[in-house]
Amino acid sequence: CHLIHYLRLSHHLIVLNYLICTFDKLKSVSSEHINITDAVFDGVEVRVFEPPGKQDEMLKRSVVYIHGGGWALASARTSLYNNLCRIMAESLNAVVVSVEYRLVPEVCFPEQFHDALRATKHFLQPDVLAEYSVDPNRIAISGDSAGGNLAAAVCQQLSKDEHLTIRPKLQALIYPVLQAFDFNTPSYQQNMNMPILPRYVMINYWIDYFNGNHDLAHSLLINNHTALDVGQALSYRGRLNWTSLLPSSFKKNYKPVVQTTGKAEIIQEIPALLDVRAVPLLAENETLQLQPKTYILTCENDVLRDDGVMYAKRLENAGVEVTLDHFDDCFHGCMIFTIWPTDFSAGIQTRSSYIKWLDENL
């Protein structure tokens, strides 16, 4: 993929996504008991999973789901996410709306955020909910990885929209990526070379999302962009102090990496590094207080573990009811790996726990 990119034949993410989708066509996922349709919500493609209606049945619950993939890969239509959303719809007897937001490199931040927000706001309209027989008081917004990032950002934006009459009851974030402020949290240090999502890969996803220069990767890795002399980052430092937000079992013996002098020009070149629509963990307390009841799933073998744990703590400190569901023996991305040949016990375990919480709280 990178050779093709180097030869300027195509962007490596386009090639990688093509390979993923080609492989995905080899799989077949049954959907006998769920009606699956594709629709367009305010210009954004979505896939809707509907359980069969029963006579005299009450309105259904619903989940707006945003898939992961570094804002650049996968699709609501791939078998992995198709299977997840189908099982959610069956298990919860709920209408599941899977958002097909546009990907890097076709578009970059903030377009993915805008797509997810537009599709969600469209669905939350009373007439649309009525069309799908959805209870307006029993709606969750959810997503995994980069989709968890978008779900958290959309939830924050919805909570501040004074004109919105219907809001999500819950948010459920699966190993979400929530900050680009500190790439040396204990989980980033501990899992820097962990398969599925090594630290350098996550940094490159951020750079691609922001349409930034990959020459900045090393400076980001050593936190040059948030050094003590970078004035733009100063006001955010207290919102992401992992020494106070993480339990000792996660901090272990790791030390903070805080540069005395850095490169303020990085923030000038990529201001989105401090934009809460991209980095929800940096939101102010007044916004966090408005968030709905929250579920956050984290995995020990994941650079993003501490993003989720810190967000859970900040929400809890703001008075939000939070369930932090941590798995010591699981890895990033595991929940979608439930189909042969990547059917892992970690996927079944995390998916079951996630669906159980939704069933009990939605």
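The values are calculated or read from the model by the stated rules, or taken from the named source; none is laboratory data. Here the structure is a predicted model, which is why all the values come from computation and not from measurement. Note that each Cβ is placed from the backbone with ideal geometry, even for glycine, and that neighbours are counted across all protein chains shown. Just the protein is used for accessible areas: all its heavy atoms, side chains included, with ligands, DNA and RNA removed. Shrake-Rupley method; radii C 1.70, N 1.55, O 1.52, S 1.80 Å.
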Flag for LYS263 being in contact with a His (Cβ under 7 Å, 6 or more places away or on another chain) and farther than 21 Å from CYS330 by Cβ = yes
remark   = Scanning the range 91-106 for residues that are touching an Asp or Glu at 6+ places or on another chain (Cβ under 8 Å) and more than 14 Å from VAL64 (Cβ to Cβ) gives SER91, ARG102, VAL104, PRO105
ask   = What residue, of CYS334, CYS299, CYS330, is hydrophobic (A, V, I, L, M, F, W, C), at pLDDT below 95 and touching a strand residue (DSSP E or B) at 6+ places or on another chain (Cβ under 6 Å)?
value = CYS330
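Okay, residues lined up against (1) open to solvent by 30 Å² or more (accessible area, probe 1.4 Å); (2) closer than 29 Å to GLU90 by Cβ; (3) assigned to a helix (DSSP H, G or I); (4) without any contact (Cβ under 8 Å) to a residue 40 or more places away in the chain:
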site	(1), (2), (3), (4)
TYR295	no, yes, no, no
VAL303	no, no, no, no
LEU315	no, no, yes, yes
TRP357	no, yes, yes, no
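Which members of the range 246-266 meet the condition of being open to solvent by 40 Å² or more (accessible area, probe 1.4 Å), in a loop (DSSP other than H, G, I, E, B) and without any contact (Cβ under 8 Å) to a residue 60 or more places away in the chain? Break it down into steps so the answer makes sense when it comes.
So in the range 246-266, the residues open to solvent by 40 Å² or more (accessible area, probe 1.4 Å) come out as 247-249, 251-261, 263, 265.
After this cut, where a residue has to be in a loop (DSSP other than H, G, I, E, B) as well, the list is 247, 252-261, 263.
Correct list: ASN253, LYS255, VAL258, GLN259, THR260, THR261, LYS263.
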key: Within the range 56-170, helices (runs of 4 or more DSSP H) holding 2 or more residues that are closer than 25 Å to THR287 by Cα and not hydrophobic (A, V, I, L, M, F, W, C)   = 111-123, 146-159
inquiry  = Residue under question is LEU274, and the condition is that it be open to solvent by less than 20 Å² (accessible area, probe 1.4 Å) and more than 16 Å from the chain's Cα centre (by Cα); does it hold?
reply    = yes
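Please find, among HIS218, HIS225, the residue that is over 16 Å from ASP302 (Cα atoms) and open to solvent by 10 Å² or more (accessible area, probe 1.4 Å). Even if it seems obvious, please write down each step before you answer.
Details: HIS225 fails: open to solvent by 10 Å² or more (accessible area, probe 1.4 Å).
After ruling out the rest, the residue left standing is HIS218.
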